[in-house]
């Protein structure tokens, strides 16, 4: 399967059309951004690591009955997937308080939440990805009805249960993560985008060491080494 026209370029990926109208190719980039683009850098090999990690997690979720856009990994930096219409809602799933949740609400950093928190952000860089409630989503026509938001929440919690258990067996704590959903050509809502340490907060379950993009956000260094360790653990048979 070959790339044809460049359809879209984002912070972490380029999306290419193919000769099959139902399929697209994501090219994973080595670029690093944070703070809606305020911080920028490049880490050689980061894109390939994210592609490989995402591939394994999409395969896992597919095996558990989660519908996703994933088809196959073509090479180190390219993934073949279904064409979907992106739902412009970033779905944030939180198990432990940290980052913006702690800053905005004063919840102690590292505190285990009493239940899984699912939040919606508007996927709009110009507006700074503001928080959304159900009524906002309807006003902005991001979904057709509240039942679709309920389904997205249900799927987000189900994905969280699968991944939390998967990571725990590999001595990683799933702190929080971002998901994106889209509509396939039949109108079904399915999981899209990527499943990588760029979008996941992962802490070593024994040491608390950060194994995700917070190493870049917080100037800790060692990002590629951390991502390589995550891939190594993801590939372990448990």
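The values are calculated or read from the model by the stated rules, or taken from the named source; none is laboratory data. Remember, predicted model here, so these are calculated numbers, not experimental data. Here the Cβ positions follow ideal geometry from the backbone for every residue, glycine too, while neighbour counts run over all protein chains shown.
Residues considered: 71, 86. Of these, the only one that is at pLDDT 95 or above, surrounded by fewer than 16 Cβ atoms within 10 Å (Cβ to Cβ) and closer than 19 Å to residue 180 by Cα is 86. So which of 183, 233 ends up being touching a strand residue (DSSP E or B) at 6+ places or on another chain (Cβ under 9 Å), closer than 15 Å to residue 50 by Cα, in contact (Cβ under 8 Å) with a residue 24 or more places away in the chain and surrounded by fewer than 21 Cβ atoms within 10 Å (Cβ to Cβ)? One residue alone meets the criteria, 233. Here is the figure for region 4-17: residues that are crowded, with 17+ Cβ neighbours inside 10 Å and either closer than 15 Å to residue 48 by Cα or within 17 Å of the chain's Cα centre (by Cα) (or both) total 4. Taking the listed residues 161, 215, the one that is buried (at least 20 other Cβ atoms within 10 Å of the Cβ), out of contact with any strand residue (DSSP E or B) (no Cβ under 8 Å at 6 or more places or on another chain), farther than 30 Å from residue 22 by Cα and without any contact (Cβ under 8 Å) to a residue 60 or more places away in the chain is 215, with no other qualifying. Taken over region 218-229, the criterion of being touching a strand residue (DSSP E or B) at 6+ places or on another chain (Cβ under 9 Å) and either exposed (fewer than 15 other Cβ atoms within 10 Å of the Cβ) or free of Cβ contacts under 8 Å to residues at least 60 places away in the same chain (or both) is satisfied by 218, 220, 226, 229. Only residues that are in contact with a helix residue (DSSP H, G or I) (Cβ under 6 Å, 6 or more places away or on another chain), surrounded by fewer than 17 Cβ atoms within 10 Å (Cβ to Cβ) and closer than 21 Å to residue 75 by Cα were counted across region 18-42, and they come to 0.
Here residue 63 passes the criteria (1) over 25 Å from residue 217 (Cα atoms); (2) modelled with pLDDT under 95; (3) loosely packed, with under 13 Cβ neighbours inside 10 Å except the one numbered (2). Scan region 186-198 and give yes if some residue there is under 17 Å from residue 95 (Cβ atoms), buried (at least 22 other Cβ atoms within 10 Å of the Cβ) and under 15 Å from the mean Cα position of the chain (by Cα), otherwise no. Within region 186-198 (the criterion being under 17 Å from residue 95 (Cβ atoms), buried (at least 22 other Cβ atoms within 10 Å of the Cβ) and under 15 Å from the mean Cα position of the chain (by Cα)), the answer is yes, since at least one residue qualifies. Residue 143 meets the conditions (1) touching a residue at least 60 places away in the same chain (Cβ under 8 Å); (2) farther than 17 Å from residue 58 by Cα; (3) touching a helix residue (DSSP H, G or I) at 6+ places or on another chain (Cβ under 9 Å) in every case but one. The failed one is (1).
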